[in-house]
Every structure is written in C-alpha cells, then in structure tokens.
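A.B. asks: Okay, handing you the structure first.
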Amino acid sequence: MNLLKKTFLNFTVKHLFKGFTADDIISYNRDKNEFSVAGNIMSDSDVDNIMKTLHLLDHNDGYNALLRDVEYRAEETLFLKSKTEDDMIFAKSSLFIIDLLRKRKDQLLAQYEHYKKCKHIK
C-alpha cells in the first residue's frame, strides 16, 4: 500500500504541479555563443545584468548567512532532530537545494566567462 501511495503522489505532483520546463531556465549554447531564456535569445546587456547580479551574491553577506543558516538547520534536522524517514528526506532535500543553487551559480558564471571570451574575439 505504501508503494502505491508514493507512486500516486509522485504521479500527481509531476503532472499537476509542473511549473517549469527546460525553456523557462537560462541556457547557454556554446556553439552559437548565446544565452537564452524561454526560447528567446538574451541581449548582451541582459546577460551582463544577470551575471553582475550573480557576482554580487558572492559578496552579499545576508544571502551567504541565509544559506549557511538553512544549511545548519537542515543538518541539525537530519542528524539530531529527525524522528522519521520523511524528516531525514526533507532535510537532505534542503541540503541538495542549497548545493544546487551554489553549483548552478558557479556554472552560469563559468559559461559567462566563455561567452565574454568569444565576444571579445569577434
């Protein structure tokens, strides 16, 4: 019964609450050297603005403190306060999201460096 419940819940969430698709995120095409979002190619100024904002996150004490706080609370829940498997899964999911935010920011900035090099060459 538990397997059926999890399968049904997964199916429901996947099909009813799919809010984002691959077209909704920022993507970088190395061959064409262009960033796009929602299928639209971003202008140089739009790309520069977004990347400047991402650079500012490294220097934003409030943002970094918030990430560390959430990370601490998730680890506390995972190792000290979790009483059920669901508690552990939720805490681990929170840690995964924090890691995903950091990695995606770094990935976008690395792609931006490639973008700038190619624009400079042309």
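A.B. asks: Among the residues of the stretch 70-80, count how many are surrounded by 13 or more Cβ atoms within 10 Å (Cβ to Cβ) and not polar (S, T, N, Q).
C.D. replies: Residues meeting the conditions: 6.
A.B. asks: List the residue pairs whose Cβ atoms are under 9 Å apart, where the first residue sits in the stretch 81-105 and is under 27 Å from Y28 (Cα atoms) and surrounded by 14 or more Cβ atoms within 10 Å (Cβ to Cβ), the second is of a type in the set (S, T, N, Q) and at pLDDT below 95, and the two are 6 or more positions apart or on different chains.
C.D. replies: Note: pairs meeting the criteria are S94/T77.
A.B. asks: Here is a list of conditions, (1) basic (K, R); (2) assigned to a helix (DSSP H, G or I); (3) exposed (fewer than 14 other Cβ atoms within 10 Å of the Cβ), and K116 meets all of them except one; can you say which number that is?
C.D. replies: For K116, the failing item is (3).
Each row is one residue, and each column tells you yes or no for (1) surrounded by 12 or more Cβ atoms within 10 Å (Cβ to Cβ); (2) over 23 Å from S94 (Cα atoms); (3) of a type in the set (G, A, S).
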| position | (1), (2), (3) |
| --- | --- |
| K14 | no, no, no |
| K32 | no, yes, no |
| F35 | yes, yes, no |
| I41 | yes, yes, no |
| D46 | yes, yes, no |
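A.B. asks: Can you pull out every residue in the stretch 70-122 that is under 20 Å from the mean Cα position of the chain (by Cα) and of a type in the set (S, T, N, Q)?
C.D. replies: S93, S94, Q107, Q111
Residues are listed down the side, and each one gets a yes or a no for (1) β-branched (V, I, T); (2) over 18 Å from L108 (Cα atoms); (3) in contact with a Pro (Cβ under 7 Å, 6 or more places away or on another chain):
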| position | (1), (2), (3) |
| --- | --- |
| S36 | no, no, no |
| K52 | no, no, no |
| E71 | no, yes, no |
| K81 | no, yes, no |
| T84 | yes, yes, no |
| K92 | no, yes, no |
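A.B. asks: Sort out which residues of the stretch 86-122 are in contact with a Lys or Arg (Cβ under 8 Å, 6 or more places away or on another chain) and acidic (D, E), and write them in order of number.
C.D. replies: Passing the criteria: only D87.
The values are calculated or read from the model by the stated rules, or taken from the named source; none is laboratory data. On a predicted model such as this, the values are computed, not experimentally measured, just so you know. Neighbour counts run over all protein chains shown; Cβ positions are idealised from the backbone, glycine included.
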